[in-house]
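Here's the structure, in structure tokens; my notes come after.
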Amino acid sequence: MSAVTCGYGASLPFLPRWLEVERGLSGVEIGAILSSAQLARIIVGTLIATWADGVRDRRVPMRILIVASALGFAGFFMLHGFWTLFIAGFAASALSQAIMPLVEGAALRAGQTGRVPYGVSRAAASSTFIIGNIAGGALIGVYGVSVLAVWLVGNLAVAAVLSVVALKPEPVQESAAIGGFRDRLRAGAALLRAPGFARLLLGVSFIQAAHAFYYSFSVIVWRGQEISAPMTGFLWAFGVIIEVGFLALLPQIEKRVSPEALILAGGVASLARWTAMAFAPTGFILWPLQALHALTFAATHVGALRLVFRTAPDAIQGFAQTLYAALASGLFIGLATLASGALYDSFGALGYLAMSVMSAVGVGLVVMARRNI
């Protein structure tokens, strides 16, 4: 799956810039395209995951989704016009976003059985994301943002080939299986009735969704400050490099820190990071702010994954991980991304202050949930 994250390493920061330069879209239109699949993820993603949980060989859904994503983005980059890009972007992104929760679940299961610690597998994925940041930024600096299409589709094509030849069999345990599609949906819905679980999940969703303005408009803001594409790639990569260091230390950290405490640390760091970014800093200060990504994203993400893995039965792990992703990286970040377009058009970098408010709400929900656990 490293090829997938390598492709995302360039597309996540530079796709908004591609839409602006190559297709002439406004901030509101860019926000709408980026948010469309995110907003639908809570429905589309959970339905895909519920189907995937019913397939006896866990490799099959991943293979289908990767191939479909490669074809979807190949079509997307050939289109023009807001509405055609909106529809094609929705389809391609909905398919690609459904891949990672299944991969995360496989990594957690591998760590549980002692094969590969989760921190190691996640650090490997983050490392290839860094390659995408740096190599993608460098290529764009030389050939222009149009090269993004070749980079993303090429990496997804490589991932499709590898998913066929390299993935090892991972059958679902028959003893853990839950009957039909509706039974798995009901079991997944029951998770939300676990004490404190829903409130923690909402808190995580606010904290993760506060990345929306950064993901969508940081490159555009920095370009307005005359920060080059290669330097932008290095800035994004630096945050992920610190994240890799955090993940390398994860086994020791998790012995001392609960999932709830990891989420809370991420929320506090998020509040500080986005408040500072609202003042459009340049120079050295950007580097420590980027380093906070290890907390704002990684600590929050790991805490949430552990919480879900601890609570959900094996037979609906795909559903449970996707439920978290559908809320945190879907519905909530989709709404925040949609709002980010209007915020950027109206306020520029000050739009980050709305993300600070979201972080504060998330921290409050996590604190309240901890009192009920």
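Order these peptides, 150-162, 128-140, 272-284, by their mean beta-carbon neighbour count within 10 angstrom, highest first. Kindly include the intermediate steps, with their values, before the conclusion.
Numbers: 150-162: 20.3, 128-140: 22.5, 272-284: 15.9.
Per-residue mean Cβ counts within 10 Å order the peptides as 128-140, 150-162, 272-284.
In a shell of Cβ-Cβ distance under 15 Å around Thr296, excluding Thr296 itself, what net charge do Lys and Arg (+1) and Asp and Glu (-1) give?
Charge balance near Thr296 sits at 0.
Would you kindly derive the ³J(HN,Hα) couplings of the stretch 204-213 from the backbone phi angles with the Karplus curve 6.51 cos²θ - 1.76 cosθ + 1.60 (θ = phi - 60°), listing them in order in whole Hz, with x for Gly and Pro?
Each residue's phi maps through the Karplus curve to give 4, 4, 5, 5, 5, 5, 5, 6, 4, 5 Hz.
Could you work out the local net charge near Pro251, counting Lys and Arg as +1, Asp and Glu as -1, over the other residues with Cβ closer than 13 Å to its Cβ? Can you show the working numbers first?
Values: positive: Arg122, Lys255, Arg256, Arg306; negative: Glu254.
Here the count lands on +3.
Describe numerically, in nm with one decimal, the distance between label points set 7 Å from Cα along Cα→Cβ at Val164 and at Thr84.
It works out to 2.9 nm between the two label points.
Cβ neighbours within 10 Å, averaged per peptide: list 257-263, 76-82 in order, most packed at the top. If you can, show how the numbers build up before the last one.
Working: 257-263: 20.0, 76-82: 14.6.
The peptides rank, most packed first, as 257-263, 76-82.
If neighbour count is taken as other Cβ atoms inside 10 Å, put Tyr143, Tyr344 in order from fewest to most.
Details: Tyr143 11, Tyr344 24.
Arranged by neighbour count, lowest to highest, Tyr143, Tyr344 become Tyr143, Tyr344.
Every number in this text was worked out from the coordinates using simple rules, so none of it is lab data. Everything quoted here is computed from the prediction, not taken from an experiment. Virtual Cβ from ideal backbone geometry, glycine too; neighbours counted across all protein chains shown.
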